[in-house]
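One structure is given below, encoded as structure tokens.
The values are calculated or read from the model by the stated rules, or taken from the named source; none is laboratory data. Bear in mind the structure is a predicted one, so any value in this text is a computation, not a measurement. Note that we place each Cβ from the backbone using ideal geometry, even for glycine, and neighbour counts take in every protein chain shown. SASA here: full protein model, heavy atoms, side chains in, ligands and nucleic acids out. Shrake-Rupley method; radii C 1.70, N 1.55, O 1.52, S 1.80 Å.
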Amino acid sequence: MYDILTGLSVIEASSFVASPTAGLYCAQMGAEVIRVDQIGGGPDFRRWPVTTANDSLYWENLNRAKKSVALDLARPEGRELLQALVRATGQVITNFPAKGFMAHDVLAEGRADLVTVRVMGWADGAPALDYTVNNAVGYPMLTGAGPEPVNHVLPAWDLLSGAYAAFALLAALRRRTETGDGGEVRIPLSDVAIGTVANLGSMAEVLYTGADRPRLGNTVYGLFGRDFVTADGVRTMIVVVTPRQWANLLAALDLGAAVAAAEARLGVSFTRDDGLRFNHRDTLFPLFEQAFARRTHADLAAALDAGGVVHSAYRAMSDAVRDPALVRDNPIFGPAENPSGFAYPAAGAFATVPQLERRPPASAPRNGEHSEQVLAERLSLSSGEIARLIDSNIVGIAQ
């Protein structure tokens, strides 16, 4: 947590991953992020993983450092309160549909400088999820060894879209500062996905070659990189990206003479050419398989570290979360009170800003925990009016 965005308040009306991630990143940098949900929680409020009490560990981590207002959004008065909060605050992050009561032109009535950042599925407003967008742009047909497609577990497009939405919000606010103009910024997952395909050169590659890239399993495309198994059964990933790393890898494995013989036989030099090492992987891989099989992982890791060779053993997530360097001694983590009651390390901002003091990670709110405070501060509602809204179940408060 940092105080970089102190003074910025944002209404977040969203669910699932992408849009809440945008709000989370703003909150971790010090913005006041007010998440507005349905009374009792939105569609993601119980999303797995959950505790035995059905408290969502997913929800309480994507919503740290935020405030929570609970409204009955199925009723006109609840929707009007959300609209009033958006207008009073001046900026909103949402993944609600672009039509209806959360349409930008409706929200901007009386607030022409309103900035709306809307995370969408498809650009035409059709619904989509990370996994369906991923299928649409072709990545599952590159993953694994085939022939069946392989979905990845990480919701990459959700996370990229959320980060891009936070960036787009700040860009739109800067524009408003310069010009006085508000407006809506739309961020479809489908555009983030296909745009990323283009940015990585993959679109140009397919159009240039006229064919899809072959399925390579754990082999890194265009580089010398693959997993190998050590004498004690540890599967380890190696990736070489510089001539120095290649030379040091050969030295660590005592493969200089064997690789030189292969070069002489093939009439090539692997010293500085990633493409040649990749193209002749069927010649090189057996040599490395044998070299790895002769060494224990501990012995090999020490030699690779000394040579600056990038490597990592495969391990379970249950091992990673117990790694002191990754978690216990990592300053992005700290203790926090959790609505679930389960104590575990909480993540704060990923960025390290040496010039600023890092504050501890914040807790997630309970549903409706800040309803009374926000309605009083943002809309200047009296205690009697707030009590009426609570009694008529238009506003919810934490129990």
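Here are the numbers:
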| quantity | calculated |
| --- | --- |
| Residue within the stretch 142-150 that is surrounded by fewer than 16 Cβ atoms within 10 Å (Cβ to Cβ) and closer than 29 Å to ALA98 by Cβ present | no |
| The listed residue being β-branched (Val, Ile, Thr), touching a strand residue (DSSP E or B) at 6+ places or on another chain (Cβ under 9 Å) and within 28 Å of GLU337 (Cα to Cα), out of VAL50, VAL86, VAL133 | VAL50 |
| Odd one out for SER68 among (1) surrounded by fewer than 18 Cβ atoms within 10 Å (Cβ to Cβ); (2) more than 27 Å from ALA123 (Cβ to Cβ) | (1) |
| Test: residue in the stretch 341-358 that is modelled with pLDDT of 95 or more, part of a helix (DSSP H, G or I) and open to solvent by 30 Å² or more (accessible area, probe 1.4 Å) | no |
| Residue that is nearest to ALA31 (Cα to Cα), among those in the stretch 100-143 that are outside any helix (DSSP H, G or I), touching a residue at least 24 places away in the same chain (Cβ under 8 Å) and out of contact with any helix residue (DSSP H, G or I) (no Cβ under 9 Å at 6 or more places or on another chain) | ALA112 |
| Where ALA168 falls short, out of the listed (1) open to solvent by less than 40 Å² (accessible area, probe 1.4 Å); (2) touching a residue at least 60 places away in the same chain (Cβ under 8 Å) | (2) |
| Residue count for the stretch 179-211, restricted to those that are under 30 Å from ALA112 (Cα atoms) and free of Cβ contacts under 8 Å to residues at least 60 places away in the same chain | 2 |
| Residue among ARG215, ARG174, ARG226 that is open to solvent by 70 Å² or more (accessible area, probe 1.4 Å) and not aromatic (Phe, Trp, Tyr) | ARG174 |
| Set GLU80, GLU60: member being surrounded by 15 or more Cβ atoms within 10 Å (Cβ to Cβ), at pLDDT 95 or above, not small (Gly, Ala, Ser) and not in a loop (DSSP other than H, G, I, E, B) | GLU60 |
| Condition check for GLU369: open to solvent by 40 Å² or more (accessible area, probe 1.4 Å), over 23 Å from LEU8 (Cα atoms) and modelled with pLDDT of 95 or more | no |
| Residues of the stretch 382-391 satisfying the condition of being without any contact (Cβ under 8 Å) to a residue 60 or more places away in the chain and within 15 Å of GLU80 (Cβ to Cβ) | GLU385, ILE386, ARG388 |
| Qualifying residues in the stretch 263-293 (those that are in contact with a helix residue (DSSP H, G or I) (Cβ under 8 Å, 6 or more places away or on another chain) and surrounded by fewer than 16 Cβ atoms within 10 Å (Cβ to Cβ)) - the one farthest from LEU304 (Cα to Cα) | LEU266 |
| Condition broken by TYR25, with the remaining ones in (1) out of contact with any strand residue (DSSP E or B) (no Cβ under 9 Å at 6 or more places or on another chain); (2) assigned to a loop (DSSP other than H, G, I, E, B) satisfied | (2) |
| Matching residues, the stretch 177-193, being surrounded by fewer than 18 Cβ atoms within 10 Å (Cβ to Cβ) and outside any strand (DSSP E or B) | THR177, GLU178, THR179, GLY180, ASP181, ASP191 |
| GLU337 vs. criteria surrounded by fewer than 18 Cβ atoms within 10 Å (Cβ to Cβ), over 22 Å from the mean Cα position of the chain (by Cα) and without any contact (Cβ under 8 Å) to a residue 40 or more places away in the chain | yes |
| Failed item in (1) of a type in the set (Ser, Thr, Tyr); (2) crowded, with 17+ Cβ neighbours inside 10 Å; (3) over 25 Å from VAL220 (Cα atoms), with TYR139 passing the rest | (3) |
| Among the candidates VAL220, VAL239, VAL259, residue that is part of a helix (DSSP H, G or I) and of a type in the set (A, V, I, L, M) | VAL259 |
| Tally, over the stretch 95-138, of residues that are of a type in the set (S, T, N, Q) and touching a Lys or Arg at 6+ places or on another chain (Cβ under 8 Å) | 1 |
| Residue that is nearest to TRP246 (Cα to Cα), among those in the stretch 294-321 that are aliphatic (A, V, I, L, M) and open to solvent by 70 Å² or more (accessible area, probe 1.4 Å) | VAL310 |
| Every residue from the stretch 118-136 that is buried (at least 18 other Cβ atoms within 10 Å of the Cβ) and touching an Asp or Glu at 6+ places or on another chain (Cβ under 8 Å) | ARG118, ASP130 |
| Residue match in the stretch 83-99 (condition: of a type in the set (A, V, I, L, M, F, W, C) and assigned to a loop (DSSP other than H, G, I, E, B)) | yes |
| The stretch 229-239 - residue that is β-branched (Val, Ile, Thr) and open to solvent by 30 Å² or more (accessible area, probe 1.4 Å) and, of those, nearest to the chain's Cα centre (by Cα) | VAL239 |
